[in-house]
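Taking it in order: structure first as structure tokens, then the write-up.
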Amino acid sequence: MSECDKSEIVLVGILCYNHELYIAQCLDSVLCQKCNFNYKVYVFDDASTDGSWRIIQDYKVKYKDKLIIEQPEYNNYSNGNRNAFLQHIKKENQVKFVAFCEADDYWTDEYKLQKQYDAMQKNEKASMCIHDVELVNESNGNCMGIVPGYMSSNWSQEELITRILMYSMSFRLNGIFVRGEILNNADMDSGFWNYWAIDLALFVYMILKGEVIYLNNNMAVKRVNNVGSLSHESNLEKNICQQQINMFEEDIRWIEQFDVLSGKKYEDLIEYYKLFRTIKLYYLYQGSVEKNKCVSNGNGKMYLSESGRRINRTYIKLIRGFYKDNERSFAKCARKWMEKEWKRLQTAE
């Protein structure tokens, strides 16, 4: 029987892998929450090889029943089970709401859970509540931006999903607060969930299932370029070409799963998404990481010079601005650009 029961209204899921430098700050920021409801914290350590598990065990001794901790014998992620964390969350999920935080990130507002809980209580149609998250460069401590930073209450489900998959809106896992019943009903055995960007799968799925509440409050920090993250330079240097090939190929498989799940009503978006990655793969298959990096996510063209990239960004921004709050119309335009560029590359061969 699960350690979590109906008396715990909220479950906070923390995903950890080799985060000994950060896990204590993460746990402190979660365990200091001030709420008028009960919550428990579930820590899933995916077979860390550093001192993370020892630190987690120390917290378990201190916080006892407040903490549920688990560590598998082997690393699920590297063995192809990308959604092990959510599968385990689902096992513990006898609660009304679920919040998340990766162990190298942390919350900055001790009333975060209360604010999101109150917002969700007021809207039974909402599947998820999100808030702003600050991106901080761990190498120098500089702020790299606030995401999402803005979200119109007038945007439809289709507009939100299009903006996310077209790179005009961003989010982070430690800003997400979801309805437990919806997560419980998800088929975690489907290919949609076994994806390297599991946070993206979770976010898109929740949008498909209900309304989204946006709180314009910065209540968390996402570390960038920290030890153990995909963005860290030491990790980027490890066979980056093959890593990116694997990611883009997996992206294409995932978007096809999304296409089915969403009832095939995002034709332009799906084709744009696939073509952009197909073009990037074209260069990666040739072993050219640099050319892959220089492919525009607006029109698929490759610009090696900074001046070319800058002019293109300005042009794309102007066209995007013309469509204003109708990103779906821009998706149709971008799809045509991608088709034209892909046809040119094939003809050039």
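Some points to look at:
- When the stretch 39-89 is filtered for residues that are touching a helix residue (DSSP H, G or I) at 6+ places or on another chain (Cβ under 9 Å) and at positive phi, only Ala47 remains.
- Per the listing Tyr77, Tyr22, Tyr59, the residue uniquely over 21 Å from Gln114 (Cβ atoms) and under 18 Å from the mean Cα position of the chain (by Cα) is Tyr77.
- Scanning the stretch 54-92 for residues that are buried (at least 17 other Cβ atoms within 10 Å of the Cβ) and assigned to a loop (DSSP other than H, G, I, E, B) yields Asn76, Arg82, Asn83.
- Checking Lys336, Lys264, Lys317 one by one, the residue that is without any contact (Cβ under 8 Å) to a residue 12 or more places away in the chain and part of a loop (DSSP other than H, G, I, E, B) is Lys264 and no other.
- Applying the criterion of being assigned to a loop (DSSP other than H, G, I, E, B) and more than 17 Å from the chain's Cα centre (by Cα) to the residues of the stretch 189-213, the residue that is surrounded by the most Cβ atoms within 10 Å (Cβ to Cβ) is Gly210.
- Count of residues meeting criterion [in contact with a Cys (Cβ under 6 Å, 6 or more places away or on another chain) and of a type outside the set (D, E, K, R)] in the stretch 105-134: 6
- When residues in the stretch 131-158 are screened for being under 24 Å from Asp251 (Cα atoms) and assigned to a strand (DSSP E or B), 2 of them pass.
- Residues located in the stretch 288-314, provided they are assigned to a helix (DSSP H, G or I) and farther than 21 Å from Leu165 by Cβ: Val289, Glu290, Lys291, Glu306, Ser307, Gly308, Arg309, Arg310, Ile311, Thr314
- Among residues of the stretch 164-188, those that are more than 19 Å from Trp254 (Cβ to Cβ), assigned to a loop (DSSP other than H, G, I, E, B) and more than 17 Å from the chain's Cα centre (by Cα), counted: 1
- Scan of the stretch 267-287 for residues that are of a type outside the set (Asp, Glu), touching a residue at least 40 places away in the same chain (Cβ under 8 Å) and assigned to a helix (DSSP H, G or I), ordered by number: Leu269, Tyr272, Tyr273, Leu275, Phe276, Thr278, Ile279, Tyr282, Leu284
- Hey, Tyr315 surrounded by 12 or more Cβ atoms within 10 Å (Cβ to Cβ) and either modelled with pLDDT under 95 or assigned by TED's automatic domain parsing to the domain that holds Ile252 (or both) or not: yes
- Condition check for Ile161: touching a strand residue (DSSP E or B) at 6+ places or on another chain (Cβ under 9 Å), within 23 Å of Trp254 (Cα to Cα), β-branched (Val, Ile, Thr) and outside the structural domain of Trp337 (by TED's automatic domain parsing): no
- Residue within the stretch 160-170 that is surrounded by fewer than 18 Cβ atoms within 10 Å (Cβ to Cβ) and of a type in the set (D, E, K, R) present: no
- Residues in the stretch 93-121 that are of a type outside the set (A, V, I, L, M, F, W, C) and buried (at least 20 other Cβ atoms within 10 Å of the Cβ): Asn93, Glu102, Asp104, Asp105, Tyr106, Lys112, Gln116, Tyr117.
The values are calculated or read from the model by the stated rules, or taken from the named source; none is laboratory data. Please read all numbers here as calculations on a predicted model, not as lab measurements. In this analysis, Cβ positions are derived from the backbone assuming ideal geometry, glycine residues included, and neighbour counts consider all displayed protein chains.
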